[in-house]
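*Asks:* One structure, as structure tokens, below. Some questions next.
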């Protein structure tokens, strides 16, 4: 449950304005989909939320505090590619997050602590549907399974904010639908605030509670240098998603949740 | 890490440019005519090349992996230890395999100049007698040794880093 507020953020590269006047208030437990044409700075915006880049001007506040200058463990990330470590097995990839936290010098756990971490990791992997592939290497997994792994890897740190940079862009439609169902379920269970960059509008409206469109209001060639992109549309997605889930989780399990989801009016069916 | 890099990068770049055979006499003077000078020659000749190759390979690693490691709570040291070094090991073996060629060159050259034993020494000794019939088997032996080393390294890479072979 984390609120994010973005206050008049600008980003310039060598005097070229990429983003200007970006202001945004995000409620806790939102699922924000960021859309827009290529090169409009939505990925840059996501990288600023991650602290992989710093805004030229303006502030980004999480729970009222300024972002630290480097990526930290409270903000998880899944990229379109290169999100998993090729030299570790599926299980080791997820355990790694635990090992970083509890073993500063060696980055490795032994004995009982190791067993415990492995069990926890296996549990999360089972939840994302990788329970049977614990000992495979990422190169032996399909694209969809790799993204599931990347999500599991981020989840073990219990991040307050999850950042997704076109995470499902390279997947085929069937796998994509499956992973959408998974993503919604995880989002509801973990109460994370999620930001997702996507090119796919239907995906944005399907997953998001709010869709933010970036674009350049001034886009003539001579203007492009000095005017950046900004938020042009900010749409709340109807019907609202999380009140449903909150009451639901007070009363029941996840399988029923998905049934309810399918039965919601005005929604396309999920997960065929 | 950037500091370590800026300190040593230029140093390695210059050292790598010194032709190792040109300093062979210096090595003979410092280490004597024994085995030490030959080992030193091979190290000086091969190490900078391998180092520079490793620097380039590290540069090739996707930035995303580093950011991902940071979001998993890794410190710089932990990233080096658990992410960068393990991924570099199989590439190090590749690099050494390629360097074997020049390592042999240095060895035989050093043996030709000053030695009392060794395959290179024998070849250059026999040259005086135009004994082609004996030189050729020696060449075959050296080739066989070189091939065996290369093959061994390749097997080691397969065994120790199974993830490396199947990667896309």
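*Asks:* How many residues, within the range A:101-120, are touching a helix residue (DSSP H, G or I) at 6+ places or on another chain (Cβ under 6 Å) and within 12 Å of another protein chain (Cβ to nearest Cβ)?
*Replies:* The total comes to 3.
*Asks:* Of the numbered conditions (1) over 22 Å from residue B:38 (Cα atoms); (2) surrounded by fewer than 17 Cβ atoms within 10 Å (Cβ to Cβ), residue B:126 satisfies every one except a single condition; which is it?
*Replies:* Residue B:126 satisfies all of (1) over 22 Å from residue B:38 (Cα atoms); (2) surrounded by fewer than 17 Cβ atoms within 10 Å (Cβ to Cβ) except (1).
*Asks:* So, of the residues in the range B:67-82 that are surrounded by fewer than 23 Cβ atoms within 10 Å (Cβ to Cβ) and facing chain A (nearest Cβ under 7 Å), which turns out to be farthest from residue A:156 (Cα to Cα)?
*Replies:* B:81
*Asks:* Related question: Is there a residue in the range A:209-232 that is part of a strand (DSSP E or B), modelled with pLDDT under 85, loosely packed, with under 13 Cβ neighbours inside 10 Å and in contact with a strand residue (DSSP E or B) (Cβ under 7 Å, 6 or more places away or on another chain)?
*Replies:* No, there is no match, as no residue in the range A:209-232 is part of a strand (DSSP E or B), modelled with pLDDT under 85, loosely packed, with under 13 Cβ neighbours inside 10 Å and in contact with a strand residue (DSSP E or B) (Cβ under 7 Å, 6 or more places away or on another chain).
*Asks:* All but one of (1) within 13 Å of chain A (Cβ to nearest Cβ); (2) surrounded by fewer than 14 Cβ atoms within 10 Å (Cβ to Cβ) hold for residue B:36; state the number of the condition that does not hold.
*Replies:* Residue B:36 satisfies every listed condition except (1).
*Asks:* Would you mention how many residues in the range A:15-37 are modelled with pLDDT under 85 and part of a loop (DSSP other than H, G, I, E, B)?
*Replies:* Here the count works out to 1.
*Asks:* Need at least 3 residues that are touching a helix residue (DSSP H, G or I) at 6+ places or on another chain (Cβ under 6 Å) per element, so show me which helices (runs of 4 or more DSSP H) inside the range B:88-168 make the cut, counting only ones lying wholly within it.
*Replies:* Working: elements: B:119-126, B:132-160, B:162-165.
The qualifying helices (runs of 4 or more DSSP H) are B:119-126, B:132-160.
*Asks:* Now, a different point. For the range A:51-85, which residues satisfy the criterion of being within 7 Å of chain B (Cβ to nearest Cβ), surrounded by 20 or more Cβ atoms within 10 Å (Cβ to Cβ) and in contact (Cβ under 8 Å) with a residue 24 or more places away in the chain?
*Replies:* A:75, A:76, A:77, A:79, A:83, A:85
Residues are listed down the side, and each one gets a yes or a no for (1) modelled with pLDDT of 85 or more; (2) assigned to a helix (DSSP H, G or I); (3) assigned by TED's automatic domain parsing to the domain that holds residue A:193:
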| position | (1), (2), (3) |
| --- | --- |
| A:53 | yes, no, yes |
| A:96 | yes, yes, no |
| A:109 | no, no, no |
| A:134 | yes, no, no |
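*Asks:* Next question, about the same structure. Looking only at the range B:50-58, decide whether some residue is under 30 Å from residue A:156 (Cβ atoms), surrounded by fewer than 19 Cβ atoms within 10 Å (Cβ to Cβ) and either in contact with a helix residue (DSSP H, G or I) (Cβ under 7 Å, 6 or more places away or on another chain) or at pLDDT 90 or above (or both). Please lay out each step first, then the result.
*Replies:* In the first step, residues of the range B:50-58 are kept if they are under 30 Å from residue A:156 (Cβ atoms); the result is B:57-58.
Okay, now just the ones that are also surrounded by fewer than 19 Cβ atoms within 10 Å (Cβ to Cβ), so B:57-58.
If we keep only those that are either in contact with a helix residue (DSSP H, G or I) (Cβ under 7 Å, 6 or more places away or on another chain) or at pLDDT 90 or above (or both) as well, we get B:57-58.
Looking for residues that are under 30 Å from residue A:156 (Cβ atoms), surrounded by fewer than 19 Cβ atoms within 10 Å (Cβ to Cβ) and either in contact with a helix residue (DSSP H, G or I) (Cβ under 7 Å, 6 or more places away or on another chain) or at pLDDT 90 or above (or both), one finds at least one in the range B:50-58, hence yes.
*Asks:* Can I ask one more? What about residue B:47, is it farther than 28 Å from residue A:47 by Cβ, more than 10 Å from every other protein chain (Cβ to nearest Cβ) and surrounded by 19 or more Cβ atoms within 10 Å (Cβ to Cβ)? Talk me through it step by step, then tell me what you get.
*Replies:* Details: farther than 28 Å from residue A:47 by Cβ: yes; more than 10 Å from every other protein chain (Cβ to nearest Cβ): yes; surrounded by 19 or more Cβ atoms within 10 Å (Cβ to Cβ): no.
Considered against the rule, which asks whether it is farther than 28 Å from residue A:47 by Cβ, more than 10 Å from every other protein chain (Cβ to nearest Cβ) and surrounded by 19 or more Cβ atoms within 10 Å (Cβ to Cβ), residue B:47 comes out as no.
The values are calculated or read from the model by the stated rules, or taken from the named source; none is laboratory data. Computed from a predicted model, the values in this text were never measured in an experiment. Note: ideal-geometry Cβ built from the backbone for every residue, glycine included; neighbour counts use all protein chains shown.
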